[in-house]
Amino acid sequence: MQIVVLTLLTLIAFAANSVLCRLALLTDSIDPLTFTGVRLVSGALVLVLLVKLQRRTPGEGELRPRLLAGLALFSYALALSLAYLQLDTGTGALVLFGSVQLTLIAIDKWRGARVVLLEWSGMALAFAGLVYLMLPGVSAPPLAALLLMMISGISWGWYTYLGRGSQQPVADSSANFVLSLPWMMAALLVGLLLSGYQFHAANAGLFYAIASGAVTSALGYAIWYRVLPSLSATEAAVLQLLVPILAAMGGLIWAAEPITLRLVVASLLVLSGIACVIVGRRYLRANSG
C-alpha cells in the first residue's frame, strides 16, 4: 500500500509541475526566465539538503557528462517555461511526455536494440498523434510552442538516459541541478542584453516557481527514485502515461482550460502508440534467450 501511495504522489507531482508552470505564466505573474531560474535554484537547494541529511556526498563523475546532464536539465526547464506561455496544460504535458518516451525509444533503437512490428506500429501511431496535434486548424496550438515543448521532452529524455546508470540518484540529481545553474546564468545574461526582454516576478509567480522547484521537482524526483526499485520498467513507463491525463484535469480545475476534441484524439493516438511499444518490448524480452 505504501508503494501505491508514493507512486500516486509522484505522478501527481509530475503533473503539478505542468500545472504550476502554466498557472504562473498564464497570470503573467512571472517571466519564463525568472520562473526557470527560481525553479532550478530552489530544486538544487532542496536536493543538496536531502543529500546532507542522508550524509552522502554529491554525485561524482567526469565533468563533461555532468555538464551535459546539467545542460539537458536546463534545456528541459527553460523550453517548458517558454512553451507554456501559449500551450494549455494538458496539451503541453501530452507533447512533453510523448516526446520523452519517443526519445528514450529512439535512443534504445539507435544503440542496437531489436524492434518488433508492434513497436514500429506503436512509434508510428504516437508520431501520428503529435503530427495531428500540430495540423493547422482553429483549435490547433501554436506551432512554435509545440516545437519548444518537444525540445523540452527530448531534453528530459536525454537527461533520463544520462542518469540510467546512477547508483546514487538523489546525490547525482543534486549535482546535476547545481550544474544546470551556470547554463541558467548564461540565459539570464542573454535576457539582460536583450533590450525588449522584461524581467518581472510577483509574489504569486515566485510561489509557483519555488513550489515547482522545491516540492514537485526535487521531492517528486526523490520519491520517484524511492519507488522505482519496486516497479518493473514496463510498469514505470505505463504509469507515466497517466501524467498528461492528470495534468489536463489539473488545467481544467485550476486554470479553467477546456479539453478539446483535438487534444482527446491526439492523446488517444500518442498514449496508445506508446503502450504498443511497451507491450512489444515486453514481448521481445519474454521471448529472447
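The values are calculated or read from the model by the stated rules, or taken from the named source; none is laboratory data. What you see is a predicted model; the values in this text were computed from it and never measured. A quick note on method: Cβ atoms are made from the backbone with ideal geometry, for glycine too, and the neighbour counts reach across all protein chains shown. What goes into the accessible areas is simple: the full protein's heavy atoms, side chains included, and nothing from ligands, DNA or RNA. Shrake-Rupley method; radii C 1.70, N 1.55, O 1.52, S 1.80 Å.
Is it true that some residue in the range 158-170 is surrounded by 23 or more Cβ atoms within 10 Å (Cβ to Cβ) and either in a helix (DSSP H, G or I) or of a type in the set (Lys, Arg) (or both)? Within the range 158-170, one or more residues are surrounded by 23 or more Cβ atoms within 10 Å (Cβ to Cβ) and either in a helix (DSSP H, G or I) or of a type in the set (Lys, Arg) (or both).
Do we have Ala202 as surrounded by 14 or more Cβ atoms within 10 Å (Cβ to Cβ), touching a residue at least 40 places away in the same chain (Cβ under 8 Å) and not β-branched (Val, Ile, Thr) here? Walk me through it before giving the result.
Values: surrounded by 14 or more Cβ atoms within 10 Å (Cβ to Cβ): no; touching a residue at least 40 places away in the same chain (Cβ under 8 Å): yes; not β-branched (Val, Ile, Thr): yes.
When the stated conditions are applied, Ala202 does not pass them.
Starting from residues that are assigned to a helix (DSSP H, G or I), of a type in the set (Gly, Ala, Ser) and at pLDDT below 75, keep the ones in the range 231-269 and report whichever is surrounded by the fewest Cβ atoms within 10 Å (Cβ to Cβ).
Ala233
Could we say that Leu135 is open to solvent by 50 Å² or more (accessible area, probe 1.4 Å) and touching a helix residue (DSSP H, G or I) at 6+ places or on another chain (Cβ under 8 Å) here? The answer is no for Leu135. For the range 141-165, the set of residues classified as over 14 Å from Thr103 (Cβ atoms) and in contact (Cβ under 8 Å) with a residue 60 or more places away in the chain consists of Ala145, Leu146, Leu148, listed by residue number. The residues of the range 1-12 that are surrounded by fewer than 22 Cβ atoms within 10 Å (Cβ to Cβ) and either among the hydroxyl-bearing types (Ser, Thr, Tyr) or within 17 Å of Ala209 (Cβ to Cβ) (or both) amount to a single one, Thr7. Confirm whether Arg281 is in contact with a helix residue (DSSP H, G or I) (Cβ under 9 Å, 6 or more places away or on another chain), open to solvent by 20 Å² or more (accessible area, probe 1.4 Å) and modelled with pLDDT under 85. Yes: the conditions hold for Arg281.
A quick yes/no check of all residues on (1) touching a His at 6+ places or on another chain (Cβ under 9 Å); (2) closer than 15 Å to Gln240 by Cα; (3) free of Cβ contacts under 8 Å to residues at least 40 places away in the same chain:
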| site | (1), (2), (3) |
| --- | --- |
| Gly90 | no, yes, no |
| Val95 | no, yes, no |
| Leu102 | no, yes, no |
| Arg111 | no, no, yes |
| Leu117 | no, no, no |
| Leu125 | no, no, no |
